[in-house]
Structure formats: C-alpha cells, structure tokens
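The values are calculated or read from the model by the stated rules, or taken from the named source; none is laboratory data. This one's a predicted model, so the numbers in the text were calculated from it and none came from an experiment. Quick reminder, even Gly has a Cβ in these numbers, built from the backbone with ideal geometry, and neighbours come from all protein chains shown. These accessible areas exclude ligands, DNA and RNA; they are computed on the full protein's heavy atoms, side chains included. Shrake-Rupley method; radii C 1.70, N 1.55, O 1.52, S 1.80 Å.
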Number of protein chains: 2
Amino acid sequence: MIAVRLRSLAAIALGALFPSLGCSPALPSPRPDVETTNAPRPAPRWGIAIHGGAGVLDRASLSPEREAETRAVLAASLEAGHGILAKGGSSLDAVTAAIRILEDSPLFNAGKGAVFTHEGTNELDAALMNGHTREAGAVAGLRHVRNPITLARSVMEKSPHVMMIGEGAERFAEQEGLELVPERYFYTEERWQALQRALAAEKKAPPPQGKPQGFWESPAGRDHKFGTVGAVALDQAGHLAAGTSTGGMTNKRFGRVGDSPIIGAGTYADEGCAVSATGHGEYFIRYTVARDVCARVDYAGMTIGAAADRVVMDILVKAGGEGGLIAMDAQGNVAMPFNSKGMYRGYMGADGITSVSIFRDR
Amino acid sequence: MIAVRLRSLAAIALGALFPSLGCSPALPSPRPDVETTNAPRPAPRWGIAIHGGAGVLDRASLSPEREAETRAVLAASLEAGHGILAKGGSSLDAVTAAIRILEDSPLFNAGKGAVFTHEGTNELDAALMNGHTREAGAVAGLRHVRNPITLARSVMEKSPHVMMIGEGAERFAEQEGLELVPERYFYTEERWQALQRALAAEKKAPPPQGKPQGFWESPAGRDHKFGTVGAVALDQAGHLAAGTSTGGMTNKRFGRVGDSPIIGAGTYADEGCAVSATGHGEYFIRYTVARDVCARVDYAGMTIGAAADRVVMDILVKAGGEGGLIAMDAQGNVAMPFNSKGMYRGYMGADGITSVSIFRDR
C-alpha cells in the first residue's frame, strides 16, 4: 500500500482530473483543463465518467480476483454509456444505462449490492438530472425496486413530481411497470456480515452523547467504504446529465436519507456542469456539495477542476466529510477528486479508450 | 383587487425588501439595503422574518375575519421568535418557536392545517438549518408528528443523520419523546373540501400525457395557494438560521416530497445568508432555489435583495415556477420577493415593531 501524506492529498487528487487515457497505471497529472478555460475552446469532448464509491479501500483487503472483477464491471458500465453516446444518444440515456449495470452488480452498494440498515433492511435511494432542461427525478427509501435509477427517471418523465419516497414511490413504480423484486433479492452474505460487524462494534463502543452531527459508527474500522455509484456524461449535442444510486451506509437508521437523492447534494446538473458524489452523505447535504461545485463554476469563474478540488479537498476536509465526486463541464473537462484513500472511478471519451482506477495511482 | 401588470412585478417585489416597519400599508420601495452593501456596514440588525405561504390569495376569497385571524397568528409567530432573540437567544430557537406557532394553527398548510394527498392522507415535511455550524435536520413523509419542525431539530441535534423519512423518522420521534398525534388531528373540513374539489377537477380534465415536469392540477383554479410556513432569523451573536414546514400540495401523490425538507431547495442557511421558500416545490428543487440565492451572494457579490429577486422574479418566472421566499443576510438585510399574487409574510427587528403583509401593497 502506498503511503499518502495528508498535505499531498490535494496535489494527488489533481491527478484524478482527466483520468489517464491508458487503462492503468494513471498518467501523471498535467491538469490540462484547469489552465485553458479562458483560451479558445475546442469542440466539446463528449464522454462519460462513473464512480463506484469512495472509502478506505485498502489494497490489502482487495484480492486480485475481486479487483479484476470490479474493474471489469466498471469497464462494462463505461462501455454501455459510451455506446449510447457514440451513436448520438443522450447523456441522460448514457447515465441511466451505466448506472443500471453498477446497480445489477453485487460489488457496489447500489441495487443488488445494497448495504443493510441498522434494522436489517435494505433501503435504496437514487436521483437523475437532465442539465439541459433541469428536469430531475429522485427516489428514496425503496425496498423492492430492482433499479432505483430507472424509477428516478420515471418520476422525472412520467410524474408531476421530482421526488418520491417509500411506499408511495413503490406504488408509482408498480403503476409504471418497473421491475419489482422481493426483499431477499438484495440479500448478500458480504453486506450482511458487514452489518453484523458494525452492530458488534457499536455495542462495544456506543455512540457518545452530544456527538457532532455526521458522527458515524465505522464498522470496526473495516469495510469503511461508501459504495454509492454514479455517472456524469456529456453527449454530442453538448448536453450534460448526472445520476447517482445507493444503498446508503451500513447500519444507517431506518428512514435515513443520504445525499444521493438530494438534488444539489449528491446529484446535480445544469447547462454547464454535472456532478455525482459519493461519501459520508450527511456532510454532502449540509454543504450542498454538487450544487456548490457548479455554483463556483457559474458564479466564481472557477474551472470544474478547481471548483471540485476546493469543495472536496478543502471544504469537506475541514468539515470532516470523507468522500469524493465526479464532475464534468460542458467542454467535457472532467474532475474526480476524493479525500478518501480510494475511489472506484472510470472515464471513457470520444476516443473510446476505457480508463478505470481505484487507488490514487492506478 | 389591485391590478398588477406583469412587467411591473419585479419593481413591486422590491417593495417586499425591508417589509414596512409600520404594520400596514407598506412603505414605498426605496430598497435601502441594495445600494449600501459596499458602504461601511452598521451593526448587524438582528431580527426575524416569517412566511405563511404564497399563492393566488384573492382578496375576494379572504374574508375580513379570516384576514384578521391570519394576521394575528403571523404576529404571534413573529413575537415568539422576537422574544427569544431579544433575550439574546439563538436564531435557531427563534426560528423553531416561530414555526411551531404556525404549525399549530389550522390556517396554514403545515402541522395542524396540512393539506391532503391524492389518497386522502396527510404527509408532513420540514427542515431546519443552523447557518453558523451548517448543521441541518430534515424530515419528510410524517403522519403522526404534531410539530415536524421540532422533529427536524431533533434529527439535527440527536441523530447522526441529516434527513429521515416516513416510519423510520416517526420511530425516531417516539424514541425522542416528541408529541405524536393520531391521523385525525390533521383533519380539517376546509382542507378536505379542497381535496374533493381538486379530485373533481382532475376527473373532469385529467392531466395530459407528456406534460412538462412540474405540471400541476390546480384545484379548479381556486384555493391555489401554497401555505408552507417558514422563518429566517439573525440573532445578536450574528448567527443565521432558516426553517420550513409544510403539508405539501393538495392532491399530491402519496410519497411525494417537495422542496421544504430539501436542504438547498426550500431551506438553507450558511454564515452569510438564510432562506426559506414557499411555492411550487418541484421547481424549487430543480433550481436549488435557496442555495442559489446564497451562492449568488457568496460568489457573485450580489446583495441579498438582488440575488433573491433574480431567482424568484427572473429564473423561476421563466421556468414557470410560482412562489416566493424570505431571505436574510448576516447584516440583517431582508428580502421577501414573490411572483404569485400574494404571500403571507412578516418581519420584526430590534425595534420590536411587528410588520405583517399578505398582498403586494399591504
């Protein structure tokens, strides 16, 4: 495992901008997009970026087999989105398709691989936003919807609402003919064991009274990762979209909603900027992370890279909020900063080269 | 009823800045705060502003008795918050106390006076944010909590989470010893009849297919108001807070969540700016209204008045989003723009003079 000094985190995160166009290891970090914003702009570079969550992700605990499997799913997700974009499809379709693949994999904390709540249930959240029209759909507290991102899209396109939760959202899913699954669909032994460890750790060291908001019972310091999945894309028409899907956090209390389905927190897109976040959701809500990145681009004249770095590596770090995000602007510049040890992430542009990374350096 | 030309709406809304310090009619609109931001700033003018919803509010349909009763509750709400601020209490306490009074009145669409969903239930949402610490609490989909704003506060102060929904949120309320009420507590004949009219209107003219998002079945064009309640306050320590509470919209679908409990949409506060919104929530979520006002103050150097006007009278009007908001900055400047015919609102500052308005001119 590579030792990473805290003061060098920001510099390293810059390396996440423009993920390497070779598969891995990553290129050094020339950060080309940051300096060229005021120069004449090239044609938009359409493409898609995805994440599969940020967190501790110790190399030691990730077997070569598991790593290969994870990289393969991330690549398949990118390729699904890229295929749509290459044919002139919309960024909204690309984001939806990419996220569905991650939801269907047990490797990520969304859809099939969702973590368990304190009460032993699975509660899924998702959101999708069309930057061009500012239409949005968000769902939370789902227990039977196989692909929450698809329901978020239905809410956006077929209901008069933006956000629907719980049973009401599931009733709407049923009306729309979406695939519903029994609760056992979301059972995976690995997530169940993670909950048992978290419960045991909590019993041993109960949360202190008067704790600061955002305090979280890390499951015995292990498996401390936020496997939320998300995607941002820019299509050939120059339109951005963003989407996020999650099972939340292991041992979260029944009814807790994180940042993923909160427009402006974990998911946001407008004409010039699209963001999907992953991390300790409470902080991402309080700091309206996704909207803040785009507001800095829009009002403060920052590049997407500088804005994303400022929020993730400075504001969130000072607040104690762990995680990362993927962001894309209307020129196709990409930023992928994270202040945790790793973040599953990938990028695929017009050149069709798949780039997938997990750790800082590869 | 005074005729209001559309092109003069913006100018008139400026009159809502610094609501008149006499009770009514309102003073003309000199907009004193807008021009003085770069001048030496006076000591922060602590105070509290509240709203009780925006909408059509035809004078013709508001009886003198009802109007007097409404103004009296708004004044009582202001006085409750003001009393706390005057004694050096926190803006958070002031906002909570002011909103509780509005929740306990059947005249506003929050707490006791909540509207009915399409399915004939009541589902309540609320949020609270401490601008100084950026702590926040939000709840949605409540059916048995008498004062949702109090539960939002408990979530903020006593749970590791920011947002909780539905049964999980109510179970937490029970653990915390909050007052729970049977569903019939929220039954009011007036709101029930409003739902019946909306259902009849919808049956007569069902929503078109392929409607734009945010389309809403206005209940036969009558009673078309959004009675959400909210408050923003600045305390003597210079700290801002914002809170919002609502029953949502008549005839909303079971499980729908509006902007009120979405941090950054209907409710937001940071060190320099606090906002509570009311209106057609779907638009307020998509345009991250509360956060956008504060982002413009923070990053674009706009005054609170100019930022609030821009969002409510320009961006929301263009998008088709009806409603308004109350906003306060760290110098105590207040903006209360609305693009609907009226907005229940009030202000009370250090001088202790209560100002309450409903229509544009009084």
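Things worth noting here:
- In segment B:217-314, chymotrypsin sites (Phe, Trp or Tyr not before Pro) in a DSSP loop with at most 15 other beta-carbon atoms within 10 Å: none
- Residue-level accessible surface for B:ASP259, protein heavy atoms, 1.4 Å, Å²: 10
- The portion of the accessible surface of segment A:47-357 made up by carbon and sulfur, rounded to a whole percent, is 52 (1.4 Å probe; DNA, RNA and ligands excluded).
- Using a probe of 1.4 Å, the accessible surface attributed to A:THR288 totals some 0 Å² when neighbouring protein chains are kept in position.
- Shielding by other protein chains, A:268-276, mean Cβ within 10 Å: 1
- The GluC sites (Glu not before Pro) of segment B:54-154 meeting both criteria, a DSSP state outside H, G, I, E and B (loop) and at most 16 other C-beta atoms within 10 angstrom of the site's C-beta, are B:GLU119.
- Averaging 1/r over every pair of different alpha carbons in segment A:143-197 and inverting the result gives a Kirkwood radius of 12.3 Å.
- Per residue accessible area of segment B:47-357, 1.4 Å probe, in Å²: 29
- Residue order by solvent-accessible surface for A:HIS161, A:HIS82, B:HIS144 is B:HIS144, A:HIS82, A:HIS161, largest first, with ligands and nucleic acids left out and a 1.4 Å probe.
- Rolling a 1.4 Å probe over the protein heavy atoms leaves A:CYS273 with an accessible area of roughly 0 Å².
- Segment B:218-323: trypsin sites (Lys or Arg not before Pro) in DSSP coil with no more than 16 other Cβ atoms inside 10 Å: B:ARG222
- Evaluated at q = 0.09, 0.12, 0.13, 0.20 Å⁻¹: base-10 log I(q)/I(0), Debye formula over Cα of segment A:236-362: -0.24, -0.42, -0.50, -1.15
- Filter on A:LYS252/B:LYS158; A:LYS158/B:LYS252; B:LYS203/B:LYS341; B:LYS203/B:LYS252 - keep pairs with C-alpha separation over 19 Å: B:LYS203/B:LYS341
- Chain B packed on chain A takes about 4100 Å² of accessible surface away from a 1.4 Å probe, both sides summed.
- Expected-Rg normalisation [2.2 N^0.38 Å, Cα atoms] applied to segment B:41-199: 1.11
- Size descriptors for segment A:47-357: radius of gyration and Dmax over Cα atoms are 17.7, 55 Å.
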